[in-house]
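Colleague: Have a look at the structure that comes next, please.
The values are calculated or read from the model by the stated rules, or taken from the named source; none is laboratory data. Fair warning: this is a prediction, and the values are worked out from it, not measured in the lab. Methodologically, a virtual Cβ is constructed for each residue, glycine included, from the backbone with ideal geometry; neighbour enumeration extends over all protein chains shown.
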Amino acid sequence: MPIRVGMGKDSHAFEEEGGSKKLILGGKIIEGERGMKAHSDGDVISHAVFNALASAVGERSIGNYFPDNDPKWKNADSKIFLEEAKRMVAAKDYSIANIAIVVECKRPKIVPHEIEMKKNLAKMLGIKAEQISITATSGEGLTPFGKGLGIEVTASVMLFHESVRHSLGKK
């Protein structure tokens, strides 16, 4: 198939007040916010992107590769997870065309951090920041995420096979 599409989703609740984790979204530390309840660093954006990339190449979800009951992944940097997703995509001779990310949360505000998150994700995945979009919604307070209890992220990706790149004369 010359083009493949993948969808991924992840969500985490915030830690209780006084928790020890920092909030990390798209590889960016968000100061002044509680971290996520998670076995790893809890970067819910990176986890959803992993799931989208894995889905696009017919692989399994993040928990199959980095189980939350394995001490090896305790507080792990989600950059490791994205490196594995990037490897999966390349192993099947695909490249990332674009990634669309939707974040639902009451807090933090995403817009002030969007550019840095896109740069971080692009660097981790070996693509350009322009290939990534990040949009945000509060859900009008209708879901647990819109009520401030955590963050939910949905990501979609489009991949193209290397044969498409070569037929277009691009390297």
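Colleague: Which residues, taken from segment 26-41, are assigned to a strand (DSSP E or B) and of a type in the set (Lys, Arg)?
Modeller: Matches in segment 26-41: LYS28, ARG34.
Colleague: Check whether at least one residue in segment 42-49 is in contact with a Ser or Thr (Cβ under 6 Å, 6 or more places away or on another chain) and assigned to a strand (DSSP E or B), and report yes or no.
Modeller: no
Colleague: Also, quick follow-up: Given the criteria under 19 Å from LEU53 (Cα atoms), in a helix (DSSP H, G or I) and touching a Lys or Arg at 6+ places or on another chain (Cβ under 9 Å), does GLU130 qualify?
Modeller: yes
Colleague: Also, quick follow-up: Return the residue satisfying two criteria in turn: it lies in segment 91-132 and is basic (Lys, Arg) and under 15 Å from the mean Cα position of the chain (by Cα), and of such residues it is surrounded by the fewest Cβ atoms within 10 Å (Cβ to Cβ). Even if it seems obvious, please write down each step before you answer.
Modeller: The initial filter retains those residues of segment 91-132 that are basic (Lys, Arg), namely 92, 106-107, 109, 118-119, 123, 128.
When the remaining residues are screened for being under 15 Å from the mean Cα position of the chain (by Cα), the result is 118-119, 123.
Values: LYS118: 22, LYS119: 16, LYS123: 14.
So the residue we want is LYS123.
Colleague: Given the condition assigned to a loop (DSSP other than H, G, I, E, B), among the acidic types (Asp, Glu) and closer than 27 Å to ARG4 by Cβ, answer yes or no: does some residue in segment 52-60 qualify?
Modeller: To start, the set of residues in segment 52-60 that are assigned to a loop (DSSP other than H, G, I, E, B) comprises 57-60.
Of the ones still in play, those that are also among the acidic types (Asp, Glu) are 59.
Add one more test, that the residue is closer than 27 Å to ARG4 by Cβ, and what stays is 59.
Checking segment 52-60: at least one residue is assigned to a loop (DSSP other than H, G, I, E, B), among the acidic types (Asp, Glu) and closer than 27 Å to ARG4 by Cβ.
Colleague: GLU152: within 22 Å of ALA85 (Cα to Cα), under 19 Å from the mean Cα position of the chain (by Cα) and assigned to a helix (DSSP H, G or I), yes or no?
Modeller: No; evaluated as a whole, the condition is false for this residue.
Colleague: OK, next. State whether the residues of segment 82-105 include one that is closer than 27 Å to GLU31 by Cβ, of a type in the set (Phe, Trp, Tyr) and either modelled with pLDDT of 95 or more or in a strand (DSSP E or B) (or both).
Modeller: no
Colleague: For segment 1-59, which positions are in contact with a helix residue (DSSP H, G or I) (Cβ under 8 Å, 6 or more places away or on another chain), of a type in the set (A, V, I, L, M, F, W, C) and surrounded by fewer than 17 Cβ atoms within 10 Å (Cβ to Cβ)?
Modeller: ILE3, VAL5, MET7
Colleague: If you don't mind, there's one more thing I want to ask. Assuming LYS147 fulfils every condition listed in (1) more than 23 Å from SER40 (Cα to Cα); (2) in contact (Cβ under 8 Å) with a residue 60 or more places away in the chain; (3) assigned to a loop (DSSP other than H, G, I, E, B) apart from one, which condition is it?
Modeller: (2)
Colleague: Of all the residues that make up segment 117-167, how many are of a type in the set (Asp, Glu) and closer than 21 Å to LYS22 by Cα?
Modeller: Selection size over segment 117-167: 1.
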